[in-house]
Amino acid sequence: MIQPGARSLRKIAVVGRGTAGALAAASVTRLHPDKDHELHHIYDSRIPVIGVGEGSWPSLVQELQRLTNLPHETVQQRLKGTRKYGVAFEGWGRRNRDFTHFFTPQQVSYAYHLSADLMADLLHESTQARHIDAKVLNITRVEGGARVDFEGRAPERYDLVFDARGFPRELHPDRHIDIAFIPTNTAVIRRCPATIGEERAGPVLQHTYTRAVARPNGWIFVIPLTAHTSYGYIFNRDVSGLAAVEADFDAFLEAERVPAFEQRAVIPFPNFVHRRIYDGAIARVGNAAAFMEPLEATAIVSAQLQIGMVLQMRLNRPIEHLERDAPAVNRFLVNNMLCYGLFVGWHYSCGSRYDSEFWRRARDRVWPQYRKAADPEAVDCAALGKFDDMIELLNRPVIDKADWNRMCAVPLTSYAQMSQGLGC
Ligand SMILES: Cc1cc2nc3c(=O)[nH]c(=O)nc-3n(C[C@H](O)[C@H](O)[C@H](O)COP(=O)(O)OP(=O)(O)OC[C@H]3O[C@@H](n4cnc5c(N)ncnc54)[C@H](O)[C@@H]3O)c2cc1C
């Protein structure tokens, strides 16, 4: 197939070597039709990757097979992975019962629980790039492309730059939409022994689920890999002190009879969507583009979408359309990220089994801000309308078959399962 955009995409940079940067670099290598294109993979080895991000969505299974050309079984084993069929919620909502949000079709479609480091290694093997270990000072738009300024190196000009440098240092209202309706902002990460052993003959076939367990100060994720089990306590540091969270984390692990743990990190995080994810020359991907707390593991799937949309448009559309395409792609991506945010924030709308300060605040004060935060005038996209449409569909006595495949970032089936489980 002739890809008319490929001629104007000769020199590309990916800045960052975390999950998002690794996916972007492997995607350029895989999708660019001209093998003599130039790809620079730039990162500062003194700045560590975030390294968490062990849950995914089913599209990653196909994507990794395509990018690596390896069979699914091999990919899963290389990732020390297990098959994730959904998220098991414990203690959420007003019904006081546990429930599962399955991928659709239920018990068929699966994603991976994966080691983020091993996934990056796997993707590097499938990437053909010149590696540059240097600090990037600035990425700026210039005529027909973008310029990257380095510390201690001459600047370079590129036709397209993927900016995968991770979280912004601070949020600025001109540049970022603050998703203020999500009530958490910090994670404590612990690593515990594996509960699922590696199979010698092949990948682990057992169905596994990310557990999302409500706790007085927030919730705990439990992600089973064959190398270890990952635990994270997600909370709000402005509401709960770290000591109280650590003590409740200890109590949880003790009740679960987890014999030992390794303390990994305390990670503060912002909840935001960048207003300019793509401007035609610079594409922000991964945590540089958007982030919301990890309740539904929306970060890797978001990076896949950002990278895929930008590359497909640049390769398949003639360059003359770029000025018109870029705002449309940007609006689509901002809209999609904000829809993810609304879906995640809505999980808090019915509280949990705990009548604690965290849960009262989340339900009564934080979530109700969603209409203001996602006001179409303020965010220049229609995410709020799409979200309202989903809730309206759920409230209908009969959902017409024509609506079954509707989505607001995630399918109607996901909204329906959450609505049933939470009791809202
Ligand atoms: C608690 C927690 C749990 C999470 N769980 C999940 C999950 O289950 N599923 C999921 O999909 N996501 C999850 N995430 C999100 C996860 O962080 C992302 O999926 C993923 O790691 C993307 O990170 P990144 O590549 O954008 O950035 P990072 O991993 O931060 O990488 C940034 C890269 O940029 C480089 N860099 C930075 N600044 C410069 C500079 N100036 N010059 C040169 N190089 C630079 C660094 O060296 C690094 O290589 C979670 C996040 C948190 C906080």
Honestly the stretch 339-422 on the Cα gyration tensor test (a ≥ b ≥ c root eigenvalues; a/c under 1.5 rounded, otherwise a/b vs b/c for prolate or oblate) is just oblate
Convert each backbone phi in the stretch 379-384 into a coupling constant with the Karplus relation 6.51 cos²θ - 1.76 cosθ + 1.60 (shift: θ = phi - 60°), then list the ³J(HN,Hα) values in order as whole Hz, x for Gly and Pro. 10, 6, 7, 9, 4, 4
Between 108, 28, 49, where does the largest GNM mean-square fluctuation fall for the chain, given springs only between Cα atoms within less than 10 Å? 108
Listed by chain and number, the residues whose amide H is under 5 Å from that of residue 275, excluding neighbours fewer than 5 places away on the same chain and using placed H, are 176, 177
Can you work out the FRET efficiency for the pair residue 382 and residue 316, with r the C-beta to C-beta distance and R0 = 25 Å, to the nearest 0.05? 0.50
Applying the Karplus parametrisation 6.51 cos²θ - 1.76 cosθ + 1.60 with θ = phi - 60° to the phi angles of the stretch 245-257, what ³J(HN,Hα) value in whole Hz is obtained for each residue in order, glycine and proline being reported as x? 5, 4, 5, 5, 4, 4, 4, 4, 5, 5, 4, 7, 6
Mind listing the Cα extents of the chain along all three principal axes, in Å, largest one first? 58, 52, 44
Let me have the relative contact order for the stretch 198-314, percent, based on Cα pairs under 8 Å that are six or more residues apart. 14 percent
Pull up all non-local amide H partners of residue 317: gap of 5 or more, or a different chain, and H-to-H distance under 5 Å with H placed in the peptide plane. 5
How many lysine pairs does the chain hold where the Cα atoms are under 30 Å apart and the two sit 8 or more places apart or on different chains? 7
Using alpha carbon centroids, what distance separates the stretch 211-273 and the stretch 297-343, in Å? 32 Å
When the Karplus curve 6.51 cos²θ - 1.76 cosθ + 1.60 is applied with θ = phi - 60°, which whole-Hz ³J(HN,Hα) does each residue of the stretch 280-287 get, with x for Gly and Pro? x, 10, 10, 10, 7, 9, x, 5
Counting only residues 5 or more places away or on other chains, whose amide H sits under 5 Å from the amide H of residue 265 once H atoms are built in the peptide plane? 189
Heavy atoms only, 1.4 Å probe, whole protein assembly: order 256, 357 by accessible area, highest first. 357, 256
If each K or R counts +1 and each D or E counts -1, the residues other than residue 422 whose Cβ falls under 14 Å of its Cβ total +2
Between 0 and 90°, nearest 10: helix 412-422 axis offset from the chain longest Cα axis: 30 degrees
Neighbours of residue 256 by Cβ distance under 14 Å: Lys/Arg at +1, Asp/Glu at -1, summed charge 0
How many Å² of accessible area per residue for the chain, probe 1.4 Å? 44 Å²
How high is the relative contact order of the stretch 339-422, in percent, with contacts defined as C-alpha pairs under 8 Å that are six or more residues apart? 32 percent
With label points built 7 Å along Cα→Cβ from the Cα atoms of residue 154 and residue 238, find their separation and express it in nm. 4.8 nm
Would the stretch 2-49 count as rounded, prolate or oblate if I go by the C-alpha gyration tensor, calling it rounded below 1.5 in a/c and otherwise prolate when a/b exceeds b/c, oblate otherwise? prolate
Suppose only helical runs count, i.e. DSSP H with n ≥ 4. What mean residue ellipticity at 222 nm does that imply for the chain under -39500 (n - 2.57) per run, divided by all residues and rounded to the nearest 500 deg cm²/dmol? -9500 deg cm²/dmol
Add +1 for every Lys or Arg and -1 for every Asp or Glu among the other residues with Cβ under 11 Å from the Cβ of residue 187, and state the total. +2
In a GNM of the chain with a 10 Å cut-off on Cα contacts, which of 23, 305, 338 has the highest mean-square fluctuation? 305
Chain lengthening between residue 279 and residue 147 when straightened (0.36 nm per residue, less Cα-Cα): 46.2 nm
In square nanometres, what is one fourth of the surface area of the convex hull spanned by the alpha carbons of the stretch 37-95? 7.5 nm²
Would you check the accessible area of residue 386, probe 1.4 Å, heavy atoms only, in square angstrom rounded to 10? 80 Å²
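The values are calculated or read from the model by the stated rules, or taken from the named source; none is laboratory data. As the structure is a prediction and not an experimental result, all values here were calculated from the model. Note: ideal-geometry Cβ built from the backbone for every residue, glycine included; neighbour counts use all protein chains shown. The accessibility values were calculated without ligands, DNA or RNA, using every heavy atom of the protein model including side chains. Shrake-Rupley method; radii C 1.70, N 1.55, O 1.52, S 1.80 Å.
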